[in-house]
Amino acid sequence: MPLTSTHWGTYYTEVREGKLVGMQPFGQDADPSDIGKGLVGTLDAPTRITAPMVRKGWLDGRKGQRGKDSFVEVSWSDALSLVADELSRIKVEKGNQSIFAGCYGWASAGRFHHAQSQIHRFMNCIGGYVKSVNTYSFAAAEVIIPHVLGDFRGFIYDQTSWQSICDDGGLFVGFGGLPLKNAQINQGGTGGHVQKGFVAKAHRAGVEFVNISPLAADMPNTVKSDWLAIRPNTDTALMLGLCYTLLDEGLQDSDFLDRYCTGFDVFATYLHGTEDGCTKSADWAAAICGLPADDIRNLARRMAGTRTMISLSWSLTRQAHGEQPMWAGIVLAAMLGQIGLPGGGIGIGYSAVNRVGYDLNRVSFASVPQGINAVKEFIPVARIADMLLQPGSPFDYNGGRFSYPDIQLIYWAGGNPFHHHQNLARLIRAWQKPQTVISHEWCWNALARHSDIVLPVTTPVERRDIAMTPLDPYLVSMEPAIEPVGQARDDYDIFASLGQLMGVEEAFTEGRTSEDWQRWLYELSQQRLSKSGVELPAYTSFREAGWHKLPLPDKQNIMFADFRRDPDQYPLKTPSGKIEIFSSTVAGFAYDDCLGHPAWFAPPEWLGAAEDTYPLHLLSNQPRTKLHSQLDQGPVAAAAKIRGREEVLMHKDDAAARGIEEGDIIRLFNARGAIYVGVRITAQIRPGVVMVPTGAWLDLDKDDPELCKHGNPNMLAPDRPTSKLAQGPAAHSCLVQAEAVDQTCLPEVTAFIPPVIEKG
Ligand SMILES: Nc1nc2c(c(=O)[nH]1)N[C@H]1C(S)=C(S)[C@@H](COP(=O)(O)OP(=O)(O)OC[C@H]3O[C@@H](n4cnc5c(=O)[nH]c(N)nc54)[C@H](O)[C@@H]3O)O[C@H]1N2
Ligand SMILES: Nc1nc2c(c(=O)[nH]1)N[C@H]1C(S)=C(S)[C@@H](COP(=O)(O)OP(=O)(O)OC[C@H]3O[C@@H](n4cnc5c(=O)[nH]c(N)nc54)[C@H](O)[C@@H]3O)O[C@H]1N2
Ligand SMILES: [Mo]
């Protein structure tokens, strides 16, 4: 059976009569994910886009509305001419700075057919595009942490290894828990899932776990853990209460603070409330985060008394002031003085993806060269609706002041903004502004439906590729399982054809076929790895073998070990070379929503500000049965739905108070919109908190553009930046109300019924 690689693992593809009928686990994977089975039945389902499509209203002189119109099927040659002519026209009339191809998104695994790499290379060939910076995953961390630790990207996949925690750790404190459901994923693929095994091993080795989360399930029940059911978005207050307790009881490591940090004195003044008159004591924190003050004091003492790893979940960044829990968590770890020691210190995102805490050799694989973008305009990734609605308006970002470009054409490949963005009703309004929207998709999700021209693409199981990523030791030769469905083409071939029409074919392809590129990428990687002492088999041997595992290092990674050993020789890349508890750079930006040291800011929406209208805090976590919106149309995601709708976890008291019962479809709503979701009642969530996983394909009611019948939580989440510093997304700061509805007249779910298509 041919092998394939996905972001959720490596599988053998089982094919019968030209159809994919099974995804069999790869023998090397001790803990394979079921998500892959979600592909079965989707490839040629009605949701598949089988030919190029043009929105009817766009063809008829730009009438109608994106997202509501029918489509006209056209030939590839007509579709490509339309796209090339439109790109050329906009370039001439408005310039490349009016083309947005910042198109964020995960696309698919595979080093060559990576949609983002392809589109950005192509756009650079035709004169550039407005890009986006940072990610939806952890934008706030990407911007604040370089000020505090000197780097972010360098550290994120360099966390102290699980093996070190097993050998030397005593206590693991997870702010945002340790959600194993998320470790099913690894960007670019994985040959083996390791988090579950590591967590079990640490537990057997005697490491104790504390789950700080509104959700009990954020810690695997295989480890006995203390559950501190914190109010959402109050981790910074809890951390400050812990810091204050350490200081008050003389438990801080003053030598560490002196030698490795700067600015503790300013922070201590803040803890004591010298200026604002507010002592950040455990009692103060308790009132904010809804936990007993004694539990906070006890946790501080326990942390100071044992080797402690503080893990900060990436989700903490996706809330208002998401910079603060990252910074405060680092400062808390600095006060404990264990940064750079085996098994302790600070960690970011254990179990957020499979890679974190997995000892790997640092290797650098070749990737598709991106060329140079001649356009300098950019946006922080989550400011897309602001950009479309307010061209020319200024915005702050990391100390700079910029302005939003005036976008006339959007070109998207490999992401789904109607999955990832917040306040979707607002995005849809903003999305009507540009003259033209072009996308490459394989399925009729909301992105495809909201495009003017949709070009149908292949999926990874319909093309050859190589999975190789520095985030996993396995290289996988991805072999096609089936022929491309309908007229689907690879992103690369589409851009090569457009290149031909626009006179940049040679620049884009460099005369290489897909196969030539893959060999080129592999052999260049082979040369690079060889220089660092890692040998790869010859290209043809690798293809024949199907996969190759890189050797694992024989030493455990301990983040900041060098810095700890010799801070003069291995300074951090901060202005002081030390951990910046106070950053004069950030203070110098003079932002009212991000000071020079970590601080508590009450979010605009949280339980502390909840009133009768919207008394519940909505979290929208990563879904356990899919990756974002990918494979929501498949059988694995379907099995977790309640009568075809996304689930909501709700505390039994909140359900009882509203006359809601297990399995009911209910309406969640706020001023931004409403969704229908199916109820799962539990005692394992903090009362007052509801959780709807992300990923349900947007399915707007035809009479109510603010109602999603299928349960997409981004109808409710706010489109509000974390702060002026990072301008990151803040989905997790969201208040809602829930109500029972008449179960006998629910609107039909239509998410998976394709739009009306006319033959051209
Ligand atoms: N409320 C809320 N919202 C969130 C989050 C949250 O926690 N709460 N999390 C955020 C986070 S962390 C992230 S990373 C984002 C994720 O947001 P995205 O990465 O945008 O979500 P995906 O559904 O993975 O979108 C990938 C798209 O690429 C398409 N695709 C797959 N393979 C190919 C290919 O080969 N070629 C082309 N052209 N297309 C392809 C898929 O069909 C899919 O539509 O969501 C963010 N949104
Ligand atoms: N199965 C699956 N796994 C995935 C993904 C997926 O779509 N599906 N997406 C991948 C991607 S792109 C990313 S970026 C990572 C993200 O990884 P994370 O950011 O870790 O993912 P989340 O599930 O959003 O959040 C983790 C937990 O944090 C808790 N939490 C939320 N808000 C708060 C808070 O204010 N305080 C505290 N203490 N806890 C809080 C939630 O209960 C949640 O279960 O996941 C990756 N893994
Ligand atoms: Mo993410």
task: State, in angstrom, two size descriptors of region 1-67 derived from its alpha carbons: Rg to one decimal place and Dmax to the nearest whole number.
output: 18.0, 56
message: Pairs of alpha-carbon atoms within less than 8 angstrom and 6+ residues apart define the contacts here; what relative contact order does region 632-760 have, in percent?
response: 27
message: Using only the alpha-carbon atoms, what does region 35-88 span along each of its principal axes? Please give whole angstrom values in decreasing order.
response: 42, 24, 17
field: Cα-based Kirkwood hydrodynamic radius, region 607-740, one decimal, Å
entry: 15.0
task: Give the percent of DSSP beta bridges with both residues in region 607-740 that are antiparallel, rounded to the nearest 5.
output: 65
- line: Once Lys and Arg are counted +1 and Asp and Glu -1 for all other residues with Cβ under 14 Å from that of residue 759, the total becomes -2
Accessible heavy-atom area order of 376, 433, 724, highest first, probe of 1.4 Å: 376, 433, 724
message: Using each residue's phi in region 532-540, evaluate 6.51 cos²θ - 1.76 cosθ + 1.60 at θ = phi - 60° and report the 3J(HN,Hα) Karplus result to the nearest Hz, with x for Gly and Pro.
response: 9, x, 10, 9, 9, x, 4, 3, 5
task: Could you calculate, for the chain, the ratio of the Cα radius of gyration to the Kirkwood radius, expressed as Rg to Rh?
output: 0.95
message: On a 1.4 Å probe surface of the protein chains, which of 306, 6 comes out largest in accessible area, and what is the full order?
response: 306, 6
- request: Can you grab the distance from the C-alpha centre of region 349-403 to the C-alpha centre of region 236-265, Å, no decimals?
  value: 32
task: Could you work out how far the C-alpha centroid of region 460-538 sits from that of region 439-456, in angstrom?
output: 23
- request: Assuming a ≥ b ≥ c are the square roots of the Cα gyration tensor eigenvalues, decide whether region 94-154 counts as rounded (a/c under 1.5), prolate (otherwise, with a/b larger than b/c) or oblate.
  value: oblate
field: Total formal charge among the other residues, if their Cβ is under 13 angstrom from that of residue 726, Lys/Arg +1 and Asp/Glu -1
entry: 0
- prompt: For region 573-652 and region 175-190, what is the separation of their C-alpha centers, rounded to whole Å?
  reply: 16
- prompt: For region 419-433, what does the Karplus curve 6.51 cos²θ - 1.76 cosθ + 1.60, with θ = phi - 60°, yield as ³J(HN,Hα) per residue in whole Hz, taken in order and with x for Gly and Pro?
  reply: 9, 7, 8, 9, 6, 5, 4, 5, 4, 5, 5, 5, 5, 7, 6
- prompt: Heavy-atom accessible area of residue 89 with all protein chains present, probe 1.4 Å, nearest 10 Å²?
  reply: 70
message: Report the gain in length on full extension from residue 81 to residue 15: 0.36 nm times residue separation, minus Cα-Cα distance, nm rounded to one decimal.
response: 20.2 nm
For region 190-241: relative contact order, % (alpha-carbon pairs under 8 angstrom, 6 or more apart): 30
- request: Classify region 20-177 as rounded, prolate or oblate, taking a ≥ b ≥ c as the square roots of the eigenvalues of its Cα gyration tensor: rounded when a/c is under 1.5, otherwise prolate if a/b is larger than b/c and oblate if not.
  value: oblate
- line: Rounded to the nearest 5, the percent of DSSP beta bridges in the chain running antiparallel is 45
query: So what's the convex hull volume per residue for the Cα atoms of region 500-553, in Å³?
result: 104
message: If I ignore ligands, DNA and RNA and count only protein heavy atoms, how much of residue 201 is accessible to a 1.4 Å probe, in Å² to the nearest 10?
response: 80
- line: In Å, the Kirkwood hydrodynamic radius from C-alpha pairs for region 242-384 sits at 18.0
query: At a probe size of 1.4 Å, how large is the accessible area of residue 129, to the nearest 10 Å²?
result: 20
Karplus 3J(HN,Hα) series, Hz, for region 234-246 with 6.51 cos²θ - 1.76 cosθ + 1.60 (x for Gly, Pro): 10, 4, 4, 4, 4, 4, 5, x, 5, 4, 4, 4, 4
field: Placed amide H near residue 22: partners under 5 Å, 5+ positions off or other chain
entry: 14
- prompt: Looking at the square roots a ≥ b ≥ c of the eigenvalues of the Cα gyration tensor of region 120-245, which shape do they give, rounded for a/c under 1.5, prolate if a/b is larger than b/c, or oblate?
  reply: prolate
- prompt: Under the definition of Cα pairs under 8 Å and six or more residues apart, what whole-number percent is the relative contact order of the chain?
  reply: 21
query: Along the principal axes of its C-alpha atoms, what lengths does region 297-380 span, in descending order and rounded to whole Å?
result: 55, 35, 20
task: Using the heavy atoms of the protein chains and a 1.4 angstrom probe, tell me the accessible area per residue for region 607-740 in square angstrom.
output: 32
query: Excluding ligands, DNA and RNA, what is the solvent-accessible area per residue of region 441-544 at a probe of 1.4 Å, expressed in Å²?
result: 35
The chain, accessible surface, carbon-and-sulfur percent (1.4 angstrom probe): 49
Subset of 131/433; 181/626; 201/641; 63/759 violating a 21 Å alpha-carbon distance limit: 201/641
field: For residue 664, residues with placed amide H under 5 Å, excluding near neighbours
entry: 679
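The values are calculated or read from the model by the stated rules, or taken from the named source; none is laboratory data. On a predicted model such as this, the values are computed, not experimentally measured, just so you know. Don't worry about glycine lacking a Cβ; one is built from the backbone with ideal geometry, like all the others, and counts go over all protein chains shown. When the accessible area is computed, the model is the full protein with side chains, heavy atoms only, and any ligands, DNA or RNA have been set aside. Shrake-Rupley method; radii C 1.70, N 1.55, O 1.52, S 1.80 Å.
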